[in-house]
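For reference, the structure discussed in these notes is given below.
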Amino acid sequence: MNSPSDGDYPEKSENLSSVPILDVRRPTPTPSTTDESPETSTTSLPIHTLNSPTLGSRTSTLSSIISRSNSPNGRLSASASRFGKSSLSSPLGNSVDGSDDSRSLIVRAFSPTVAICAAKEVDELAVQKGLKRGFTELIRPFGNKVSGKVVVRDSTGASRAWEDFGVHFVDLGELAGDGASTTNSANPLENLEELMEYFIGDGWDDSDGVPSRSEISPLYKLFLTRLLSSQDMSPHETFRHPVGAVIAISSSTQQPIETLRTLYQQTAQGSRALPLYANPEYLRYYVLVHDEDKDDFSKSSALFDQMKRHFGLHCHLLRLRSAPCTKSDDDSEELPTSEWLSASEQITFIHDTVDLIDLNVSASPYIFSSDVSAISGFIRELVAQSIVYHMEQRIALWNDQIASRRRGISGRFMSLSKRWTGIGSSSRQSSPGLNTSGASGNYDSLQGVYRYDTPESLLRKLADYAFMLRDYKLAASTYELLRTDYANDKAWKHLAGANEMCCISTLLNPLIGTGSTKFKIENFDQMLEIATYSYATRCSNPSLALRSILLGVELLKVRGRTATELAAKWAIRSFELGLVGSIGRVLVSERVTSCFADRIGVGNTSWGTRKRKAALWSIMTADEWMKLGRAEFASERLEEAQELYGEAKNSDAIQDYGALAEYLTQLRLAVRMKLGQARRRTLSGAVGPGEDEVEDETIEQMATLEKLDSKVHRRTGSLMTGVSGADVVPLSPVRMTRPDPLFREDDDFE
């Protein structure tokens, strides 16, 4: 599957002395002999790497010591960064960088996917350490952030170092099964709503307070992260297609060479093979896991030397301990929580660890610090030396052979000819089972897929690779080419994905400023319209429709001025399309408030700002929080509304609207009663003798009126929006079973 040149690294002449780089020197190959092999000859292994040219000397500036996880070929790896202990009150786990903004979250969400294909002995070693899902569960959290800086070269040859680069690890068998499944799984939005119900109701620790409107809410960040993590492998995009696969065997494997051969065959055409729409020519990376507690290192080293001669740089010797680790051990560390759990995965985790949560015991297992260092060094070596370089090679190849020709005059002429006359369409005969009834002859309209080796699939993979390596200019131009092809073929889901990512990559491109001639706000509105309509109406996929809207909202919001208003418009559009539930509605409403509040006026004046509109949305958000029984969040939103009205040009304008002012007064009273603050409220500021009885009677009467008003409000819809009860988003099944915070069972106002 892989070409022999996959492991051949050319000399790189750029100056990288300012960033930490692995010092890698290819060992001199020696002839293979039958007597030095621990097993039989490896001449029948699937890949034999040719002798590659010697790498240029690359001096590392790392001051760390050599980790014991290093392969015995002179390679250095970065020392492991210490992971803080995860907390159940922080479902996002540890922050992988110092930034908490949504842009960083979006960039890291679209990271390369690396599949895991491990032998049963490797999974058993992880199970002994307390990890039920095996080797994948052990290394998955460490992919959140690769230790040190990762240098990436774009299509123009310029290099840039990233400190927040990461990868997504996933089991290859599960990935192939999800991609080949034709049955509709549970709606990701239902799982997401159920998860948010848990944190809103019982599982969220609000001791840190509620952030201001200029910050992203932790609850909204959790909502957005789980939404971005819930997408399965799909034909219309390749972000979940594996860039590489880690084939791991253990030093305790009885027949290591035969096991390697079997695992490789499974990735190529066996039980773990990908569907026809996924490119099978991804990188294979071979790992030998040595058990420090049971096996002889000299035998493992001999086997690893033999693996190096056949696979070159795409090998690693990972030294781990199989002994269980407890919290009382001196060198123990709690296994960090993966940042990119899907909503269903986190729900399962909560159900499995509910007893530990009640006992206030850590639900994550502990591993040795030496294992943390070993795994971190392994992942850095995998990403920095193999994954990134493999992606750079493929981008250069596809860009030169396919994309550059399409951008030229001859390519545009052939595209028009193919569109109007059919001349120039692909002459490749499709495999059995693929009906090429599309306009280009490459699209299977029955299954809704392109075969992996068609120009449309390769261009989409090129664009996604460029996006994952953060070359947004190349990605946007390639998505632009695909929009026309997919529209001609009536490949609606592919068309929606191309418009979505073309919009996102253009907004992420720092070279295109808001004042640039290429930044036309109507273009983004059109692309989001096509993406949302195709996802929601033509493809019946509300999860992807909501994803495209929220990505557009977050990236348009930071552009300011008219882009901010467009962001608010699309956030409100998610309500109109019914894409969010009761909790999603209140969280997105907070973003609408933030969009209007961040609207910049013209010049140094307040003309053109949307402070009053932002205050109105803040009041409606407080109303929604009260329906969910979270008065502390509602109180914050009311304080925010008061600040926004104070910043408006006519700060006392609310008094001109009697109904609004009266409603706001009642809402504030309801919040104070919920928080237990109404008793301390008197006209004189202190409770005098005999006044507490009068106050109790007044509060009881006002509470009765508030309960009656709340019942009517729940039936007829919001007083602020003026919609009927039929248009109100219904309560989710979880919250319907929860007692209403403002009512008692014996209350009856019928």
Within the set of pairs 6+ apart or on separate chains, which have a first residue in the stretch 279-307 that is outside the structural domain of VAL243 (by TED's automatic domain parsing) and under 28 Å from PHE239 (Cα atoms), a second that is surrounded by fewer than 23 Cβ atoms within 10 Å (Cβ to Cβ) and at pLDDT 90 or above, and C-beta atoms under 9 Å apart?
none
State whether the residues of the stretch 512-522 include one that is hydrophobic (A, V, I, L, M, F, W, C) and assigned to a loop (DSSP other than H, G, I, E, B).
yes
Only listed residue being at pLDDT 90 or above, more than 30 Å from PHE199 (Cβ to Cβ) and aliphatic (A, V, I, L, M), chosen from LEU341, LEU313, LEU318, LEU335:
LEU318
Listed by first then second residue, the pairs whose first member lies in the stretch 323-338 and is farther than 10 Å from SER364 by Cβ, whose partner is of a type in the set (Asp, Glu), with beta carbons under 6 Å and at least 6 positions apart or on separate chains, are ALA323/ASP293
Which members of the stretch 549-586 meet the condition of being over 22 Å from PHE199 (Cβ atoms), touching a residue at least 60 places away in the same chain (Cβ under 8 Å), part of a helix (DSSP H, G or I) and β-branched (Val, Ile, Thr)?
none
Verdict on ALA491 being closer than 26 Å to GLN393 by Cα and crowded, with 19+ Cβ neighbours inside 10 Å
no
Anything in the stretch 439-461 that is of a type in the set (Lys, Arg) and part of a loop (DSSP other than H, G, I, E, B)? List them, or say none.
ARG451
Restricting to the stretch 124-144, what's the tally of residues that are more than 17 Å from PRO336 (Cβ to Cβ) and surrounded by 21 or more Cβ atoms within 10 Å (Cβ to Cβ)?
1
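The values are calculated or read from the model by the stated rules, or taken from the named source; none is laboratory data. Bear in mind that the values here come from a model prediction, so they are computed numbers and not experimental data. Don't worry about glycine lacking a Cβ; one is built from the backbone with ideal geometry, like all the others, and counts go over all protein chains shown.
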